[in-house]
Amino acid sequence: MKHGINTIDDYNVNGKTVLLRVDINEPIDKENRKLKDITRIEGCIPTIKELSDKKAKVVILAHQGSDIEYQSYYDLSLHAQAIRELTGMPVEFVPDVCGPYAVERIKAMKPGDIVLLDNVRFMAEEMTLFETKLNLTPEQQAQTLVVRRLAPLADLYVCDAFAAAHRSQPTLVGFEQVLPSAMGRLFEKEYTIISDILKSPARPCVFVLGGAKIQDTFMMMDKVLKEGAADLVLTGGLVANVMAVAKDIDIGKASEDFIYKKNLEECIETAREILDAYGDKIVVPEDFAYVEGETRREVNVEDVPQDKLLVDIGHKTIAKYEQIIREAGTVFMNGPMGVFEKKPSEDGTKAVCEAAADTKGLSVIGGGDSVSAANLFGVSERIGYICTGGGALVRFLSGEELPVVKALKNARTKQGCDL
Ligand code: ADP
Ligand code: MG
């Protein structure tokens, strides 16, 4: 037991069927059918190996893609191949989540076997929207199909998905209601490290928030400013574009349409409220970049063209951010500053990654794409702490109780330690 949660050490898993929920949501190159990064997969390998070595039947559950990047819903066959290579063990990919085929394959498992079920977000009940629009209680989540079908086949639920610990969804908080439960080794490690950081963050504590998960980011921005965890927030990516609109800055029709197309207009209102309350603590870019053909062009906020998407922060903003980051006591980065996957729009993300690597203070990077960026720009080794979780990390740091942590703690009291 650690932090009031059971660990794998609390159970004898020999011969038992373990449902292992991991977060291996990775950027995918669909054209070439390749994973562009495998950091998160590497992160959960120790738990998978340990359970298999201890002769558990390991049934892995995972998601790929979110509603905001709808296109990245994808099956998990590539992930299975990566787990095979990293563990050196046979891993069966089952292209089914909880239908008759999945049930049949689980029943056929032998001790030590590893099976990866398909993308749990193929189940409507697991969708991200579920969390924001329907708000089911954990008890109601235990009534969802995936839990009703799989729980009876299992002896233990292990959650290693710290990166998804802020999501209240069936495969994350439902199983704890009905099965003995534990956290996996990666969960244990990440939760311990960030708990330690939270005790005394060195000041000034600077949050660098960008990327495209706008709803999540605004929720956490509000929280970290309200709770005083953040002394300053530097914005980039789509977050900055929305902030600019909220400040009545003309970001051009193309970029504004992009925000509406992604159904993010609600966020503009949220951004206004945050600016009203904490405007002096939020930095919005003074210049931006767009791409014409293959060429990067930069403009001040006053001169943004109507027909170009703003895809990065400009170099005046970069210079300002670099200095603030270098002198911070603590830097938390979540969400890239621009479309860093393309060369002409990588400058902002590259520069803040390098500044974070050089900072005098402690640097922490969280989020799937942010971690890929740190790898791409070769700074990972010099970052204080790389966390597989983005949303979970920042919410935890802002003092929120993570739904999965809560469910795991309750499971300890409710389900006990006997298998
Ligand atoms: P993380 O995975 O680190 O939490 P997100 O998933 O929120 O980050 O955002 C990453 C994505 O945001 C990247 O694919 C990147 O291309 C995209 N992005 C960054 N800046 C912009 C922008 N200005 N316009 C559109 N997309 C952007
Ligand atoms: Mg992402």
Quickly run through the range 98-122 and pick out the residues that are surrounded by 20 or more Cβ atoms within 10 Å (Cβ to Cβ) and either of a type in the set (S, T, N, Q) or farther than 20 Å from Tyr74 by Cα (or both).
-> Ile106, Asp113, Ile114, Asn119
Within the range 268-300, can you find the residues that are aliphatic (A, V, I, L, M), farther than 17 Å from His315 by Cα and either assigned to a helix (DSSP H, G or I) or in contact with a Gly (Cβ under 8 Å, 6 or more places away or on another chain) (or both)?
-> Ile268, Ala271, Ile274, Leu275, Ala277
Would you mention how many residues in the range 366-400 are of a type outside the set (Asp, Glu) and within 16 Å of ligand 2 (Cβ to nearest atom)?
-> 20
Answer residue from the range 347-373, given it is aliphatic (A, V, I, L, M) and touching a residue at least 40 places away in the same chain (Cβ under 8 Å) and is surrounded by the fewest Cβ atoms within 10 Å (Cβ to Cβ) among those | Leu362
Return a yes/no flag: does the range 222-234 have any residue that is within 12 Å of ligand 1 (Cβ to nearest atom), without any contact (Cβ under 8 Å) to a residue 40 or more places away in the chain and either buried (at least 19 other Cβ atoms within 10 Å of the Cβ) or under 24 Å from Glu400 (Cα atoms) (or both).
-> no
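Results for (1) at pLDDT below 95; (2) touching a strand residue (DSSP E or B) at 6+ places or on another chain (Cβ under 7 Å), shown as yes or no for each residue.
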position	(1), (2)
Val208	no, yes
Lys213	yes, no
Gly228	yes, no
Met243	no, yes
Glu265	yes, no
Arg272	no, no
Does any residue of the range 223-238 turn out to be over 19 Å from Val394 (Cα atoms) and of a type in the set (A, V, I, L, M)?
-> no
Hits in the range 108-129 - residues which are in contact (Cβ under 8 Å) with a residue 24 or more places away in the chain and closer than 16 Å to Arg148 by Cβ | Leu117, Val120, Met123, Glu125, Glu126
Taking the stated definitions as given, is Met333 surrounded by 20 or more Cβ atoms within 10 Å (Cβ to Cβ), assigned to a loop (DSSP other than H, G, I, E, B) and within 16 Å of ligand 2 (Cβ to nearest atom)?
-> no
What number of residues within the range 173-187 satisfy the criterion of being within 17 Å of Ala411 (Cα to Cα) and in a helix (DSSP H, G or I)?
-> 6
Of the residues Leu238, Leu225, Leu234, which is within 13 Å of Asp312 (Cα to Cα) and of a type outside the set (Val, Ile, Thr)?
-> Leu238
Please find, within the range 3-33, the residue that is surrounded by the fewest Cβ atoms within 10 Å (Cβ to Cβ) out of those that are away from ligand 1 (no atom under 16 Å from the Cβ) and over 21 Å from Asp155 (Cα atoms).
-> Asn32
Single residue of the range 386-413 satisfying the filter (more than 25 Å from Ile41 (Cα to Cα) and in contact with a helix residue (DSSP H, G or I) (Cβ under 8 Å, 6 or more places away or on another chain)) that is surrounded by the fewest Cβ atoms within 10 Å (Cβ to Cβ) = Gly399
Looking for whichever is farther than 25 Å from Lys2 by Cβ, in a loop (DSSP other than H, G, I, E, B), away from ligand 1 (no atom under 13 Å from the Cβ) and not acidic (Asp, Glu) here; the options are Lys308, Lys320, Lys360. Which one fits?
-> Lys360
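The values are calculated or read from the model by the stated rules, or taken from the named source; none is laboratory data. For clarity, every value in this text was computed on a predicted model and none was experimentally measured. Ideal geometry is used to build each Cβ from the backbone, glycine not excepted, and the neighbour counts take in all protein chains shown.
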